[in-house]
Amino acid sequence: MSQSSPVIISDNLHKSFGDLEVLKGVNVELHKGDVVSVIGPSGCGKTTFIRCLNRLESVTSGKLEVMGIEMSDHKLTEKSLRKLRSKVSMVFQHFNLFPHLTVLENLMLAPQKVLKKTLTESKEKAHHYLDKVGLSAKANFYPEQLSGGQKQRVAIARSLCMQPEIILFDEPTSALDPELVGEVLSTMKQLAEEGMTMVVVTHEMQFAREVSNVVLFFHQGIIEEKGKPEDVFSNPNSDRLKAFLKRSNTPVY
Ligand code: ADP
Ligand code: MG
């Protein structure tokens, strides 16, 4: 973790859906360049937490600040929401590409609509990031003509076209056939090595261990344990984390 001022501050963050309290006081500070793996059992609030980070979900109480933008209802203006959306982008489990648009068109859409880029600029960026994820040859294909791994790499390129400061990933490989997981993880690893700030909900413990510098273990709506991967995986304190690692067949060494 670097010493710069945090890009994400979550202080006693609570989130409820009706009577169901999902986040029960999440406390964490994350910095520019952090590659954060969010792990934990199903239903513990991982997705809800990262959806709060780009305001796909509103905050119920507590403080959440992302890139200096305060997310509580009474503080968040339309203008700051637009700013937030241009700085924080999300890669979803099921890619969420538009099926009726080509790969290139998928990549060009948000930069034009949200960032008000020209057609020429958007096209140039789209080609640039498509090349970066190794899919230049697929520019004029439709999503259904691609494998799951290729679709997810396109979704990553689409995120990059927004030139975000932070990319959120919600289980980006869990909808993929096992043989396609590696190509997506290596694209993500490349981004991490280039210094992108990333928050990744993942079941890929090897990725968490090797690529991230911070691991957050969620359990029942709180961060039960956090730290460097070598500590969290080799020296877990909480019995719940120990049990979770055992269940997910993560070697503790
Ligand atoms: P995880 O990603 O860790 O599996 P989630 O954050 O998706 O967990 O969900 C945590 C809990 O919140 C679950 O009980 C889920 O059913 C509930 N939940 C998530 N989203 C909503 C929603 N939009 N409305 C009501 N309940 C929700
Ligand atoms: Mg989830």
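The values are calculated or read from the model by the stated rules, or taken from the named source; none is laboratory data. Not measured: the values here are computed from a predicted model. Reconstructed Cβ throughout: ideal geometry from the backbone, glycine too, with neighbour counts over all protein chains shown.
Values computed for the structure shown
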{"quantity": "The one condition in (1) within 16 Å of ligand 1 (Cβ to nearest atom); (2) more than 17 Å from the chain's Cα centre (by Cα); (3) not charged (D, E, K, R) that Val36 fails to fulfil", "calculated": "(2)"}
{"quantity": "All positions within the stretch 36-76 that are at positive phi and more than 16 Å from ligand 2 (Cβ to nearest atom)", "calculated": "Arg55, Gly62, Met67, Gly68"}
{"quantity": "Helices (runs of 4 or more DSSP H) completely within the stretch 151-253 that count 1 or more residues being over 23 Å from Leu84 (Cα atoms), of a type in the set (Lys, Arg) and within 16 Å of ligand 1 (Cβ to nearest atom)", "calculated": "239-247"}
{"quantity": "Gly227 being at pLDDT 95 or above, under 22 Å from His14 (Cα atoms) and surrounded by fewer than 18 Cβ atoms within 10 Å (Cβ to Cβ)", "calculated": "yes"}
